[in-house]
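Take a look at the structure set out below.
The values are calculated or read from the model by the stated rules, or taken from the named source; none is laboratory data. None of the values given here were measured: they were computed from a predicted structure. Neighbour counts run over all protein chains shown; Cβ positions are idealised from the backbone, glycine included. Remember, those area values only see protein heavy atoms, side chains included, never the ligands or the DNA or RNA. Shrake-Rupley method; radii C 1.70, N 1.55, O 1.52, S 1.80 Å.
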Amino acid sequence: MTHKLTDGGRVLQVGTLARVEGEGAMRIAFEGGDVADVHLRIYEPPRFYEAFLRGRAHTEPPDITARICGICPVAYQTSACWAIEDACGVVVPEEVRLMRRLLYCGEWIESHALHVFLLHAPDFLGYDGAIEMATDHPDVVELGLRLKKAGNALMELVGGRSVHPVNVRVGGFYRFPAAAELRAFRPELERALADALTAVSVVSGFEFPEFEQPYEYVSLRAETGYPIEVGSVVTSAGTAFPVSEFAERIEERHVPHSNALHARLVGGDAPYAVGPLARYSLNSDRLSAVAREAARDAGLGDTCRNPFRSIVVRAVELVEACHEALRIIDGWTDGTAPSVEVPPRAGEGYGASEAPRGTLFHRYVLDAAGIIRDAQIVPPTSQNQASVEADLRAMAATWSDLDDHALQHRCEHAIRNYDPCISCATHFLDLTVERS
Amino acid sequence: MTARPKLAVWKFASCDGCQLTLLNCEDELVPLAGEIEIAYFPEATRAVVEGPYDVSLVEGSITTPGDLERIHQVRAVSRRLVTIGACATSGGIQALRNFADVAEFRSVVYAHPEYLSTLDRSTPIAAHVTVDFELRGCPIDRRQLLELLAAELTGRRPRIPTYSVCVECKRRGSVCVMVADGTPCLGPVTQAGCGALCPAFSRGCYGCFGPQDTPNTRSEADRLRALGMGEDQVLRVFRTFNAGSEPFRQESRRHEPQEQPQEQPQEQPQEQEVTS
């Protein structure tokens, strides 16, 4: 919807952003030819997770925080487990880390397939949604649905179900799937790996606007492998710090134009970005050979600064997740205990993992009985909000000569580049309320 | 060819997991779109087909003054209105605010609580408008969703059992974790629908589908205490995703410490907006 203003300015407004998780809106105001105001408005109602976690037992955050997001519950469960185990001074066995990684691969496959094919591809191919796209591009939609199904099936195998898995607990799992069950899943995963490679070649053939942004990237980096379930923090400016410092290193502050809290790195003025582009740019050396080759064939360098190309990076990460899941399954042997005891103690703990949309931080303060006294959750979408607005601002300035319809489409597309999960972000952000 | 029935999917306060369950019907999604016109589903498509709609699926609970108005508009454009998931049928995990001081909640999470416009309670859809059917679960079950849509298409009542998880668990052939291992389990008081997942993973049920049709929560609580749970733990197991459902709400209140201020009675008007 567009309002022409009498002074020659115009306001571009989208009331309900489609194909994003949660409820958000966009407003761009022009004065003359200049962008006066850019506004990603989040009107998703708050649910107060950090408040009602207080007074709950230290065993509860995996089940409770999973409910923050139906699309990435494993991210919440994993970050919560690390943070509680850290507070209690418990280090889980390697098998637990590997099974967390395997479950997380399922979530990456499910979530990335959903975004690449059902939410993002329609922008490139010119459709309102995947159902509409299915008539002309049945192969593309079927490829996406098949990959998504494989991700969900992997989550069901390890976690019991794909939305809010039941098998995750502080200290590990209730039950490990048997090696035979995991091996039986191999053929489906091999098909998924082949599909993911096809996905890379399909999406790398899309047309990408020339658009690069200078933001700082923030991602986890693991001791080995591509960062998924664990790691410490690195930035493209060359900074590195342990997850336990995130609360001091990242500040959330007000910017006058939007009333929303934007995350900044302490000491930095530019917005920073988390998510596939950041992960890839800081860890492309850690990809498996097959994913690295796919990235090269798709024309990606060691880093990528064009947010429109995030769809290619997500497809490369689909390859990595399928390959990694196969590797874990092939190495799995039965016989280890699925969990260790995590006796409560008074203390503070930190955890982070790479949600499909970027780094997800948790912090808990426990009392001696294990009751939660304080909780802090910093989801990726709230960290990316400043970058989304910076993109919109730069884009609207560059493309202000486009007609409203085309500009609106492109700006919506720019927001979907981030796969924003507004359901996640809202519960921790100040709502941006327009009072006119 | 007769017109396909029009389906709309609406979101209120929720995690999106129940509407995602519709997109998780990977094998059925494209054929389904041939039978039903997906007329309004912003999470999946920008296209909007004007109402009225034959079937509306409603996810999420009512927590803001704006949503309180919106749900009446949704009802007005819907021939049949079906709620999907624990948020829409019992207020969801965010109904934990109903047991607390929401002003304090706001100041814990938000630096500037005055910007927020929120109600002091999270309430189910049926507290505000007539609901034609409620599909339980946190999240809903994919097979139950397909059964529901098939029933809506043919104009029959969906076959959704209201008995307990125990029935499903026996049928699945799982060993009872409560009897065999002494693991606390809410299966006896919780409605079936998940396929008795947790006991199959050596875990007790934790109540995702809310109370079954005749839940003996008092006896369940006695059993949980006998297995070694304290009053505070019993309170918490009844106070999760379906904390706002009447049987679970009442049972949790029985385990509140005496000195804790009592929750306001259910009958009081709930639509007071928190002043901001």
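Give, rounded to the nearest 20 debye, the magnitude of the charge dipole that chain A has about its Cα centre when Lys and Arg contribute +1 at Cβ and Asp and Glu contribute -1 at Cβ.
Values: 41 positive and 61 negative charges, 161 e Å.
Dipole size: approximately 780 debye.
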Checklist entry - Of all the accessible heavy-atom surface of the protein assembly as shown, with the other protein chains kept in place and a 1.4 Å probe, what percent is carbon and sulfur? => result 50
Checklist entry - Could you list log10 I(q)/I(0) for the protein assembly as shown at q = 0.10, 0.11 Å⁻¹, which the Debye formula gives when each Cα is one point scatterer? => result -0.95, -1.18
Checklist entry - What dipole magnitude, in Debye to the nearest 20, does the stretch A:24-63 give about its Cα centre under +1 on Lys/Arg Cβ and -1 on Asp/Glu Cβ? => result 220
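Going from the alpha-carbon gyration tensor of chain B, what semi-axes, largest first and in whole Å, does one get by taking the root of 5 times each eigenvalue? It would help to have the intermediate numbers written out before the result.
On the way: eigenvalues 206, 144, 41 Å².
Calculated on Cα positions only, the semi-axes equal 32, 27, 14 Å.
Return the ratio Rg/(2.2 N^0.38 Å) for the stretch A:49-400, where Rg is computed over Cα atoms only. Walk me through the numbers on the way to the answer.
Details: Rg = 19.9 Å, N = 352, 2.2 N^0.38 = 20.4 Å.
Dividing the Cα radius of gyration by 2.2 N^0.38 Å gives 0.97.
By its C-alpha gyration tensor, with a ≥ b ≥ c as the square roots of the eigenvalues, how is the stretch B:165-254 shaped: rounded for a/c under 1.5, else prolate for a/b larger than b/c, else oblate?
Values: a/c = 1.97, a/b = 1.30, b/c = 1.51.
Oblate, since a/c reaches 1.5 and b/c is not below a/b.
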Checklist entry - In the stretch B:1-39, which residues become less accessible by 30 Å² or more once every protein chain is in place, relative to the chain on its own, using a 1.4 Å probe? => result B:Lys11, B:Ser14, B:Cys15, B:Asp16, B:Leu20, B:Leu23, B:Asn24, B:Glu26, B:Asp27, B:Leu29, B:Val30
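Test of understanding: express the Cα radius of gyration of the stretch A:48-140 as a ratio to 2.2 N^0.38 Å, with N the residue count.
On the way: Rg = 18.2 Å, N = 93, 2.2 N^0.38 = 12.3 Å.
That works out to 1.48 for the stretch A:48-140.
To the nearest 100 Å², how much accessible surface do chains B and A cover up together, summed over both, with a 1.4 Å probe?
Summed over both sides, the interface buries about 5400 Å².
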Next on the checklist: If every alpha-carbon in the stretch B:38-151 counts as one equal scatterer, what log10 I(q)/I(0) does Debye give at q = 0.16, 0.18, 0.24 1/Å?
Outcome noted: -0.82, -0.98, -1.35
Item to check | Accessible surface, the protein assembly as shown, averaged per residue in Å² (probe 1.4 Å) | outcome: 35
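Rounded to the nearest 500, what is the 222 nm mean residue ellipticity of chain A from helices alone, with -39500 (n - 2.57) per DSSP H run of 4+ residues and division by all residues? Intermediate results must be reported in sequence, preceding the final value.
Numbers: 16 runs with 184 residues, N = 436.
Value at 222 nm, helices only, nearest 500: -13000 deg cm²/dmol.
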Checklist entry - Largest first, what is the accessible-area ranking of A:Trp399, A:Trp332 with a 1.4 Å probe? => result A:Trp399, A:Trp332
Checklist entry - Hey, quick one: spin label on A:Ala194, modelled 7 Å out along Cα-Cβ, who in the stretch A:91-131 has an amide N within reach, i.e. under 20 Å? => result A:109-110, A:113
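Any chance you could count the Lys pairs in the protein assembly as shown whose alpha carbons are under 26 Å apart, treating pairs 8 or more apart or on different chains as valid?
Values: A:Lys148/B:Lys6; A:Lys148/B:Lys11; A:Lys149/B:Lys6; A:Lys149/B:Lys11.
For the protein assembly as shown, qualifying lysine pairs total 4.
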Next on the checklist: Can you order the peptides A:296-302, A:286-292, A:387-393 by their average number of other Cβ atoms within 10 Å per residue, highest first?
Outcome noted: A:387-393, A:286-292, A:296-302
